[in-house]
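**Student:** After the structure tokens below, expect a handful of questions from me.
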Amino acid sequence: MRKRRTEERAKYKEAIQTALYNRDDIKTLLLGDTTELATSEIRKLFKEHVKSHLFIDDTIEVTDSFIFYDVIMPRIGDRIKQCQVLLYAICHRDILDGYKADGFRGNRADILSQMVEDALLNDFDMAHEFGIGRLMLDSVDIYNSKRFYGCIMSFSVPDFR
């Protein structure tokens with residue numbers, strides 16, 4: 001049986017979700033103080049804020065912060081494919097300013113993007129979960145909608161097919 005070419009997308013999404021969930025600073029920014037919550041409740045709340053798709057509907061009613069991401073494969077060759085991760089780190093405009101975290105600079109969306117970068121690029125163990133090379137941050141663009149602001153982070157990595 002031939003290996004599915006698209007199965008790698010799901011593997012990457014699982015690795016990204018794990019990397020983001022393992023970061024206490026990200027959980028604190030997204031969920032606030034979780035010391036009184038059970039692990040199962042933290043995981044449930046985390047999944048409400050971190051989504052493995054890029055569907056950002058204008059019907060989001062809460063004033064909060066979110067991470068949306070997906071994986072694309074813009075090039076699939078005979079032996080090597082290119083994988084790209086698009087990640088949106090966004091915050092409601094009403095809570096954009098005023099958030100502080102030790103070791104981070106900027107507004108809430110800036111801080112969230114730096115935490116994501118740490119989770120995916122600066123964690124040595126996590127860096128080896130992707131492809132045949134390290135995940136690389138290729139670009140950071142602005143996400144700007146009526147109620148949410150943040151950044152679009154584009155990562156890439158070559159991988160075997």
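The values are calculated or read from the model by the stated rules, or taken from the named source; none is laboratory data. Just so it is clear, the model here is predicted, and its values are computed rather than measured. Counting neighbours? That spans all protein chains shown, and the Cβs are built from the backbone with ideal geometry, glycine included.
**Student:** Working carefully through the options 101, 89, find the one that is under 20 Å from residue 32 (Cβ atoms), outside any loop (DSSP other than H, G, I, E, B), hydrophobic (A, V, I, L, M, F, W, C) and modelled with pLDDT of 90 or more.
**Tutor:** From the options 101, 89, the qualifying one is 89.
**Student:** If you don't mind, another one. Considering segment 32-56 alone, what residues qualify as being closer than 19 Å to residue 153 by Cα and loosely packed, with under 14 Cβ neighbours inside 10 Å?
**Tutor:** 53, 54, 55
**Student:** Residues of segment 41-86 being of a type in the set (Val, Ile, Thr) and part of a strand (DSSP E or B), which ones?
**Tutor:** Once the filter is applied, which keeps residues that are of a type in the set (Val, Ile, Thr) and part of a strand (DSSP E or B), segment 41-86 yields 50, 67, 71, 72, 76, 80, 85.
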